[in-house]
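This report refers to the structure that appears directly beneath it.
The values are calculated or read from the model by the stated rules, or taken from the named source; none is laboratory data. Given the structure is predicted, the values throughout are model-derived calculations rather than measurements. A quick note on method: Cβ atoms are made from the backbone with ideal geometry, for glycine too, and the neighbour counts reach across all protein chains shown.
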């Protein structure tokens, strides 16, 4: 019976063009259980949340979910708090990723040569990126403490009074950006350093013969060859920065007020503070759309320098 079923499946897959010969089904058979489990974990919540975005479902109210089609999205686009979170999200992503790119590229250029202890230095520079976001957030929260924080202690040494960084709307937003830049610039460094190390020497030799300055070499030789790696690194960081949540949650919980309430915090609060699951799901898909828009734009423009 099992052999007959196997032959039927193999025949169908060969007929549909998925297999060229019967022996090819064996690798797929080994992969199938893992793929089914992974598909259930990934795709079921994805589809469920998308369907949920068309329903009015507040967990504190009786009556269950009510289909309202696009009303969640319409209400969302008319909500000033939502647009505030979008603006903060864009500022957070653009400023953080830009600074991480500058620092990562600069350090990669500085270390792109052989020196004593180079492997140790590069390994140490990568440590922040392996720290869990929530651990990084808690660490910076303690560092920003107005009474016992290391930053205010250093400021006190030069005669500056303690600053309540996380209680001030302007300082709080800058504080979460500094935390993100510190933790993630090594990611940029890692990608760009690997790319720099693999660049061919012939363009540099030609530039030296033509008498090009260091800036001209960087501008017209190094940067164009690094462009694909820069685009990939920036896209990966944008997608990752759009998902930033735990470090901001433990540092400020979106506060003071809504000064650091980026989209992930806005979504979380609507889902777990106000229990409005449909509205939160709709906001989540707007965040996905923003991530896709950023990625498509970068891929199409390819950083036209």
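Side notes on the structure shown:
- Considering only residues in the range 133-150 that are more than 12 Å from residue 165 (Cα to Cα) and touching a residue at least 24 places away in the same chain (Cβ under 8 Å), the one that is surrounded by the most Cβ atoms within 10 Å (Cβ to Cβ) turns out to be 137.
- Considering the range 181-298, the qualifying helices (runs of 4 or more DSSP H), each wholly inside and each with 2 or more residues that are without any contact (Cβ under 8 Å) to a residue 40 or more places away in the chain and buried (at least 21 other Cβ atoms within 10 Å of the Cβ), run over 263-272.
- Scan of the range 151-180 for residues that are outside any loop (DSSP other than H, G, I, E, B) and without any contact (Cβ under 8 Å) to a residue 40 or more places away in the chain, ordered by number: 151, 152, 153, 154, 155, 156, 157, 165, 171, 174, 178
- Some residue of the range 77-90 being closer than 25 Å to residue 273 by Cα and assigned to a loop (DSSP other than H, G, I, E, B): yes
- Some residue of the range 218-231 being out of contact with any strand residue (DSSP E or B) (no Cβ under 6 Å at 6 or more places or on another chain) and closer than 27 Å to residue 54 by Cα: no
- Answer from 238, 265 - the residue that is within 14 Å of the chain's Cα centre (by Cα) and within 23 Å of residue 45 (Cβ to Cβ): 238
- Some residue of the range 140-150 being within 30 Å of residue 231 (Cα to Cα), at pLDDT 90 or above and in contact with a helix residue (DSSP H, G or I) (Cβ under 8 Å, 6 or more places away or on another chain): yes
- The set of residues from the range 17-35 being surrounded by fewer than 10 Cβ atoms within 10 Å (Cβ to Cβ) and at pLDDT 80 or above comprises 33, 34.
- Within the range 41-57, residues that are part of a helix (DSSP H, G or I) sit with their Cβ atoms under 7 Å from residues that are modelled with pLDDT of 85 or more, at 6+ positions apart or across chains, in these pairs: 49/281; 49/284; 50/285; 52/277; 52/278; 52/281.
- Residue check, residue 88 within 30 Å of residue 191 (Cα to Cα), in the same structural domain as residue 274 (by TED's automatic domain parsing) and without any contact (Cβ under 8 Å) to a residue 60 or more places away in the chain: no
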